[in-house]
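**Student:** Here it is: the structure, laid out below.
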Amino acid sequence: MINTLRINEEYIPRGVLPLTVLDMSRILIVGDNGADTERLKTVFREAGLSSESANSITAGCEAAKSGRFHVVFSPPLMPDGSWRRLVDVAQHYGLSFEVILLARTFGLDQWAEALQVGAFDVLDVLSDLPKAAEIAKRAIGAGYLKRFRPCPEED
């Protein structure tokens, strides 16, 4: 028996992300550092991913509530709140977007706590931005699997 997912009466082998998932994926960049936001937008555009930006946690939470986004990149803390509000929005509204933190200084304890609380990953803004598209694609895949679990009759 092949281990598959059932989506709209189609069977897709586990671990295979249909191209349309990446084509339709949208990324939200939350942050007030215009240079970092523009660098990320360029990385995503070059990888064929669509992105939008919000300049505060509050604006990011409002945008995320729309359900259009699959991945949200955010600094750990902004003047109007922390990234945890984004995780709360996802849980409260039943959304399956992944949150990736963009940190300049982040200790190992903070990193472990972030992963436990619900962050998908933590990137160092100074060195990891070129890898952001690759990590976004992994997060998109993880969110996809959250939304479409195996059919119970296949267990």
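**Student:** Which of the residues spanning the range 65-78 are farther than 16 Å from TYR144 by Cα and either of a type in the set (Lys, Arg) or surrounded by 15 or more Cβ atoms within 10 Å (Cβ to Cβ) (or both)?
**Tutor:** We begin by selecting, within the range 65-78, every residue farther than 16 Å from TYR144 by Cα; these are 65-66, 73-78.
Selection gives LYS65, PHE73, SER74, PRO75, PRO76, MET78.
**Student:** Then there's this: Please state which one of ASP32, ASP36, ASP88 is open to solvent by 60 Å² or more (accessible area, probe 1.4 Å), more than 19 Å from ALA119 (Cα to Cα) and modelled with pLDDT under 95.
**Tutor:** Details: ASP36 fails: open to solvent by 60 Å² or more (accessible area, probe 1.4 Å); ASP88 fails: more than 19 Å from ALA119 (Cα to Cα).
Step by step, each of ASP32, ASP36, ASP88 is checked, and only ASP32 is open to solvent by 60 Å² or more (accessible area, probe 1.4 Å), more than 19 Å from ALA119 (Cα to Cα) and modelled with pLDDT under 95.
**Student:** Okay, moving on. Do you know which residues across the range 125-140 are modelled with pLDDT of 90 or more, open to solvent by less than 60 Å² (accessible area, probe 1.4 Å) and not aliphatic (A, V, I, L, M)?
**Tutor:** none
The values are calculated or read from the model by the stated rules, or taken from the named source; none is laboratory data. Keep in mind that this is a model prediction, so the values were computed, not measured. Glycine gets a Cβ as well: all are built from the backbone with ideal geometry, and neighbour counts include every protein chain shown. Areas reflect the complete protein model, heavy atoms only, side chains present, ligands, DNA and RNA absent. Shrake-Rupley method; radii C 1.70, N 1.55, O 1.52, S 1.80 Å.
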